[in-house]
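Notes follow the structure.
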Amino acid sequence: MAVHNVGIIMNGVTGRMGTNQHLIRSILAIRKQGGVALANGDVIMPDPILVGRQEHKLKALAEAHGLTRWSTDLEACLADSNNTIYFDSQTTVHRAESIRKAIAAGKHIYCEKPTATNLEESLELAALVRQAGLKNGVVQDKLFLPGLLKLKRLVDSGFFGQILSVRMEFGYWVFEGDWQQAQRPSWNYRKEDGGGIIVDMFAHWRYVLDNLFGEVRSVSCLGVTHIPERVDEQGNAYECTADDAAYATFELEGGIIVQANSSWAVRVNRDDLLTIQVDGTEGSAVAGLRDCKAQHRINTPKPVWNPDIPNPFRFMEQWQEVPDNQLFDNGFKIQWELFLKHIVTDSPFPWDLLEGAKGTQLAELGLRSWDERRWLDVPELKLPEVSGQPIASAKG
């Protein structure tokens, strides 16, 4: 048995998502389980080095989890040949510059989304990494949620017949920060810092829709800033310059219509923070983060509109739970394991930087649709030329 030690530069890991999902629940969990086992008996063992701008946070995080490798010197980490992967979970405004440095240093790239603050830059990064011949990937964690895996199982089995429509409800009430501390960092509500729910969530909706139901062909979006002023982490009031809610309609290939509401200013009266209802000619299903329930054509009730009598139907009880039928691991960890296998064994990993650029594209079109108050088509993306070298067109 051989052990493949893989050095990973983890930049921005002191943030909420970087610490909890990527470090603790993914990389450290993989190390605790003894690495990623390969079919030939070999093992991949990730070896992280924590990188950031604040020494005291890095040191405390490393000591809390028994790690010895941490640094505030990104360039030194990139120069170290023992580090083969560069991972980025910084705020979006800092991501592109660091990824460029990592590509120049010959590191394989794995990063959070959005990959950049605009489509042009996202495509440039995808072209640069392809030209350099480096392996690359973008976090698309929701594809690995138990509820969506069950929903994908229904889609692949033909359960729905012809899929007609999809309704997505996402969000929760994020406290304003005055009488209760906000659950999200204040930069999320400042456009100048890369904030806004359209930029944040449309990157997710793009890969969810593309992978489950069909490629997004057009979009109509209305954004809103419902809460005009919030209080930041230091107790100071600030103006909210970014959207905190988005009400969108997407048209997918095959004519499937998607209605997607995303809001940080909504109180939850549904089974989960995210619910996705799919209606088809043969059946329907509603998926949350972990659970999924379905109703087949033969089990569909026959209500009649009559507001003059109490409702005789218990609609919520007329659905059947889709069984687990497998063990579900953390979605971020699953994708990390797939990427590590991609690096060591060259196994397929389709979620690359070009896929990440598609999310940025949809966010930009959503913002433009809101500004122009009209439907917009979603064109096929092509990689640009970089450094004077032509890059072949890529089709999703």
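Here are a few things to note about the model shown:
- A residue that is under 18 Å from Ile343 (Cα atoms), in contact with a His (Cβ under 8 Å, 6 or more places away or on another chain) and either among the aromatic types (Phe, Trp, Tyr) or assigned to a strand (DSSP E or B) (or both) occurs somewhere in the stretch 45-54.
- Any hit, the stretch 282-297, residues being in contact with a Phe, Trp or Tyr (Cβ under 8 Å, 6 or more places away or on another chain), among the charged types (D, E, K, R) and part of a strand (DSSP E or B): yes
- Filtered residues of the stretch 87-115 (kept if in contact (Cβ under 8 Å) with a residue 60 or more places away in the chain and in a loop (DSSP other than H, G, I, E, B)): Ser89, Gln90, Thr91, Lys107, Glu112, Lys113, Pro114, Thr115
- Considering residues of the stretch 146-188 that are more than 30 Å from Gly254 (Cα to Cα) and touching a helix residue (DSSP H, G or I) at 6+ places or on another chain (Cβ under 9 Å) only, the residue surrounded by the fewest Cβ atoms within 10 Å (Cβ to Cβ): Pro185
- If you go through the stretch 264-281 and pick out every residue that is part of a strand (DSSP E or B), among the polar types (S, T, N, Q) and over 16 Å from the mean Cα position of the chain (by Cα), you end up with 1.
- Per-region count, the stretch 200-229, residues assigned to a strand (DSSP E or B) and without any contact (Cβ under 8 Å) to a residue 60 or more places away in the chain: 2
- For the stretch 303-322, filtered to residues that are without any contact (Cβ under 8 Å) to a residue 12 or more places away in the chain and under 27 Å from Arg153 (Cα atoms), the residue that is surrounded by the fewest Cβ atoms within 10 Å (Cβ to Cβ) is Glu317.
- When Gly7 is tested against (1) surrounded by 22 or more Cβ atoms within 10 Å (Cβ to Cβ); (2) in contact (Cβ under 8 Å) with a residue 40 or more places away in the chain; (3) within 27 Å of Leu123 (Cα to Cα); (4) of a type outside the set (D, E, K, R), exactly one condition is not met: (1).
- Selection count, the stretch 205-259, where residues are among the small types (Gly, Ala, Ser), loosely packed, with under 14 Cβ neighbours inside 10 Å and in contact with a Gly (Cβ under 7 Å, 6 or more places away or on another chain): 1
- Test: residue in the stretch 306-313 that is under 30 Å from Asn211 (Cα atoms), out of contact with any His (no Cβ under 6 Å at 6 or more places or on another chain) and aliphatic (A, V, I, L, M): no
- Selection within the stretch 92-129: residues that are hydroxyl-bearing (Ser, Thr, Tyr) and buried (at least 24 other Cβ atoms within 10 Å of the Cβ). The member of this set that is modelled with the lowest pLDDT is Thr115.
- Odd one out for Ala242 among (1) in contact with a Pro (Cβ under 6 Å, 6 or more places away or on another chain); (2) part of a loop (DSSP other than H, G, I, E, B): (1)
- Test: residue in the stretch 159-167 that is more than 20 Å from the chain's Cα centre (by Cα), outside the structural domain of Ser263 (by TED's automatic domain parsing) and modelled with pLDDT of 95 or more: no
- Every pair of residues 6+ apart whose Cβ atoms lie under 7 Å, when the first sits in the stretch 55-67 and is in the same structural domain as Thr14 (by TED's automatic domain parsing) and in contact (Cβ under 8 Å) with a residue 40 or more places away in the chain while the second is among the polar types (S, T, N, Q) and not in a helix (DSSP H, G or I): Lys57/Thr14; Leu58/Thr14; Leu58/Thr72; Leu61/Thr14
- Filter result for Leu38 (crowded, with 21+ Cβ neighbours inside 10 Å, touching a strand residue (DSSP E or B) at 6+ places or on another chain (Cβ under 8 Å) and modelled with pLDDT of 95 or more): no
- Leu28 meets each of the listed conditions (1) touching a strand residue (DSSP E or B) at 6+ places or on another chain (Cβ under 9 Å); (2) outside any helix (DSSP H, G or I); (3) among the aliphatic types (A, V, I, L, M) apart from (2).
The values are calculated or read from the model by the stated rules, or taken from the named source; none is laboratory data. Computed from a prediction, not measured in an experiment: that's the story for all the values here. Note that we place each Cβ from the backbone using ideal geometry, even for glycine, and neighbour counts take in every protein chain shown.
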